[in-house]
Each structure stands twice: as structure tokens, then as C-alpha cells.
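The values are calculated or read from the model by the stated rules, or taken from the named source; none is laboratory data. These numbers come from a predicted model, not from an experiment. Every residue, glycine among them, receives a Cβ derived from its backbone with ideal geometry; neighbour counts consider all protein chains shown.
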Amino acid sequence: MQPHLFHITLILKYAALSNQTVGKIDNEKMLRIMIMRSFNDYIREERLDEVTEFMNDLYIKNLISLLSLLNENKVNDIFTLVEVNRQLGNFKKSKKILERVTSPSASPLKDLYMIQIERFNPELFRLN
């Protein structure tokens, strides 16, 4: 099987982090979020048969590293923190962070995440 473009992109992005070509924390955070999204494209596009054990291991390591770059006190990090913790199976932590969201405009998204957390669902889900 020939590697798919996403697979190559995922490996290149991870290699960039491994070689420490990324200097600033914000750049590393953005790159790790891009890796997470690249991997999630396989799920969204229903191409799970292309996901290798190697890719899955990189993905999990990436999520764990991403956690250390996110800040619960930064509004822009909150839902990413919720999602990463949920995908790693840290449902209590995910729920605790989500309960701190009080903005009425975030209620629909908060409700969608809460449903998945209460179902103990670590899988990617559609927001629409």
C-alpha cells in the first residue's frame, strides 16, 4: 500500500518536532494541533483502514505532548483541552474543564461535548 499524503504529512510534522526545528511554544502547539487534525481527517473521511499502528502511536504521543502546551486559563485553549483529554479517555478532567465554560455563545458546543463525555466516548464525533 502506498502511503497517503496525510500519512506523509503527519510523519513530516512529527519529525519537525523531533528535530526541534520548532522553537517557540506557540509554534509547537500549533504544529501539534495540525498533527491532531491531520490524523482526525482519516476518521472524518472514513479511512480508518489506512491508519497504521505506527501512526496511532505517534498520534497518542502527540496528544500527550499537546496537553503540556495548553493552558486552562486561556480561552482559546479550553475546547482543545477538553477534546484532547476526552480522546485520551480523561473524562473527569475533560468534564471539569468544560464545566468552567460559562459563555452563553459556547453553550451549544459545550452541550455537544458534555454528551460525549457522559457517554465515555473517546472517539471523534461530528459537531453538526
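The table below gives the values:
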read-out	value
Per-region count, the stretch 45-61, residues within 30 Å of residue 106 (Cα to Cα) and within 14 Å of the chain's Cα centre (by Cα)	3
Any hit, the stretch 39-59, residues being under 11 Å from residue 97 (Cα atoms) and either of a type in the set (Val, Ile, Thr) or not in a helix (DSSP H, G or I) (or both)	no
Qualifying residue in the stretch 66-79 (condition: of a type outside the set (Gly, Ala, Ser), touching a Phe, Trp or Tyr at 6+ places or on another chain (Cβ under 9 Å) and either on the phi < 0 side of the Ramachandran plot or exposed (fewer than 11 other Cβ atoms within 10 Å of the Cβ) (or both))	yes
Unmet requirement for residue 120, which otherwise passes all of (1) assigned to a helix (DSSP H, G or I); (2) over 21 Å from residue 28 (Cβ atoms); (3) of a type outside the set (Ser, Thr, Tyr)	(1)
Count - residues of the stretch 62-82 that are under 13 Å from the mean Cα position of the chain (by Cα) and over 10 Å from residue 117 (Cβ atoms)	14
Residue list for the stretch 88-108, restricted to those being surrounded by 16 or more Cβ atoms within 10 Å (Cβ to Cβ) and either aliphatic (A, V, I, L, M) or out of contact with any helix residue (DSSP H, G or I) (no Cβ under 6 Å at 6 or more places or on another chain) (or both)	88, 90, 97, 98, 101
Filtered residues of the stretch 87-100 (kept if in contact with a Phe, Trp or Tyr (Cβ under 7 Å, 6 or more places away or on another chain) and touching a residue at least 24 places away in the same chain (Cβ under 8 Å))	91
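One line per residue, one yes/no per condition, for (1) modelled with pLDDT of 85 or more; (2) among the β-branched types (Val, Ile, Thr):
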{"residue": "1", "(1), (2)": "no, no"}
{"residue": "10", "(1), (2)": "no, no"}
{"residue": "22", "(1), (2)": "no, yes"}
{"residue": "32", "(1), (2)": "yes, no"}
{"residue": "38", "(1), (2)": "no, no"}
{"residue": "57", "(1), (2)": "yes, no"}
{"residue": "74", "(1), (2)": "yes, no"}
{"residue": "81", "(1), (2)": "yes, no"}
{"residue": "87", "(1), (2)": "yes, no"}
